[in-house]
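Engineer: Here it is: the structure, laid out below.
The values are calculated or read from the model by the stated rules, or taken from the named source; none is laboratory data. In this text the structure is predicted, and so the values were computed from the model without any measurement. When we count neighbours, we look across all protein chains shown, and the Cβ atoms used for this are built from the backbone with ideal geometry, even at glycine.
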Amino acid sequence: MKRIVCCICAACLLTLLLPMGALADHQYLLDSDTRLITQAELWDWDRESLSFMFNEIFARHGYPFDPGGKFYNWFNAQPWYQAVNKVSKEQAVAKATDLEWKNYYTIKAVISQMDANGWPYRKPAGSSLKSWRDFTPPDTSLKLTGFEYVTLAANQKLNVYSAPSASSWRGANGKAMLNTNGAVWAAGWENGWLLVFYETNNGSVRVGYVDGSQIKGRVNLNDQLVFDRSACRLASAATLTDDPLRTMSTITSLRAGDTVTYLTTVNNQSGWSFDYIETTVGGKLARGFIPTGCLDVPYDTLENWDAYSK
């Protein structure tokens, strides 16, 4: 009996929430957790946004905001925020790092200057102030099991491949790339490669791998992926895609009788089931999704993936 043995911790098996309108520039309003912020850059923002920025520092550590307020409404709409209701606000604040505290006081200093000089501040003609209101809260209607939101250092452009190898098939005419200034989800690691999930510039979705050695900074996910890897034949023709959520864009067409390697099975927000498989495209190793039911496998005997997360 074949088993789905993708070994991801239970937390990773929580539902993936993908924003259709990912944040315009950063996963956070300000990447105050990874670098020192300057007063000069803060003057590009309006005063109200700065209040969201210093609250964002503590929100990253689960600060529980008062229900119904603007901060409560805003941060609860962000996929990365998880309120820690079983600890006090003081305990959540105490989790902030030295770097975050330095940035907190920098933000507060600019707010004090704005207040002392009279707000609103006016930028030179032809330019406008940035505002937290320009960062559209994500639409959480799309879901894919097996992935969780991760925080990657901003301003990185990482090559994306369909399999954990730089010689594997690569989307976007061989130019598929992940910009870490957008939202990123990941399922885990395989031989030093991180399986990620992100939104592309044209509004589609791509699942693929990035080389961990090329990622700058820490990745808040340590889970290792272990797949089934059973050889199977296609019982019917199928289209291979790296987007099982939106466009179902075609990587290649597979024929009945083709032999592929079965890896695991996932479900999207509509309850549709997809088999994650490995094959070759143009002589290159490639991984992608086909609708469940196309493989010549007794699926009624398959054990549920979730059973192996406990």
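Engineer: Kindly evaluate G62 against the criterion of being at positive phi and among the small types (G, A, S).
Structural biologist: Yes; evaluated as a whole, the condition is true for this residue.
Engineer: Collect the residues in region 53-82 that are out of contact with any Phe, Trp or Tyr (no Cβ under 7 Å at 6 or more places or on another chain) and either among the acidic types (D, E) or over 23 Å from I37 (Cβ atoms) (or both), keeping them in residue-number order.
Structural biologist: Passing the criteria: P64, P67, G68, G69, N73, N76, A77, Q82.
Engineer: Mind checking whether some residue in region 250-262 is within 22 Å of the chain's Cα centre (by Cα) and in a loop (DSSP other than H, G, I, E, B)?
Structural biologist: No: region 250-262 contains no residue that is within 22 Å of the chain's Cα centre (by Cα) and in a loop (DSSP other than H, G, I, E, B).
Engineer: Which ones in region 75-111 are under 27 Å from the mean Cα position of the chain (by Cα), of a type in the set (S, T, N, Q) and closer than 23 Å to W45 by Cα?
Structural biologist: Within region 75-111, N76, Q78, N103 meet the criteria.
Engineer: Still on this structure, please answer the following. Looking only at region 248-298, count every residue that is farther than 21 Å from V205 by Cβ, of a type in the set (D, E, K, R) and touching an Asp or Glu at 6+ places or on another chain (Cβ under 8 Å) and tell me the total.
Structural biologist: Going through region 248-298 one residue at a time, the tally reaches 0.
Engineer: Restricted to region 131-162, and to residues that are at pLDDT 75 or above and part of a strand (DSSP E or B), which residue is surrounded by the fewest Cβ atoms within 10 Å (Cβ to Cβ)?
Structural biologist: K157
Engineer: Any chance region 87-110 includes a residue that's over 21 Å from L36 (Cα atoms) and in contact (Cβ under 8 Å) with a residue 40 or more places away in the chain?
Structural biologist: Within region 87-110, none of the residues are over 21 Å from L36 (Cα atoms) and in contact (Cβ under 8 Å) with a residue 40 or more places away in the chain.
Engineer: Ok, one more. For region 199-215, what are the residues that are touching a residue at least 40 places away in the same chain (Cβ under 8 Å) and either among the hydrophobic types (A, V, I, L, M, F, W, C) or within 18 Å of P164 (Cα to Cα) (or both)?
Structural biologist: V205, R206, V207, G208, Y209, V210, D211, Q214, I215
For (1) in a strand (DSSP E or B); (2) at pLDDT below 95; (3) surrounded by 22 or more Cβ atoms within 10 Å (Cβ to Cβ), each residue gets a yes or a no:
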site: W169; (1), (2), (3): no, no, yes
site: W189; (1), (2), (3): yes, no, no
site: L194; (1), (2), (3): yes, no, yes
site: G203; (1), (2), (3): no, yes, no
site: V207; (1), (2), (3): yes, no, yes
site: V210; (1), (2), (3): yes, no, yes
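Engineer: Take R246 and decide whether it is in contact with a strand residue (DSSP E or B) (Cβ under 7 Å, 6 or more places away or on another chain) and outside any loop (DSSP other than H, G, I, E, B).
Structural biologist: no
Engineer: Select from region 216-245 the residues that are surrounded by fewer than 19 Cβ atoms within 10 Å (Cβ to Cβ), of a type in the set (S, T, N, Q) and without any contact (Cβ under 8 Å) to a residue 60 or more places away in the chain and list them in ascending order.
Structural biologist: N222, S236, T239
Engineer: Run down L18, L14 and say which single residue is modelled with pLDDT under 90, out of contact with any helix residue (DSSP H, G or I) (no Cβ under 9 Å at 6 or more places or on another chain) and surrounded by 19 or more Cβ atoms within 10 Å (Cβ to Cβ).
Structural biologist: Only one candidate qualifies: L18.
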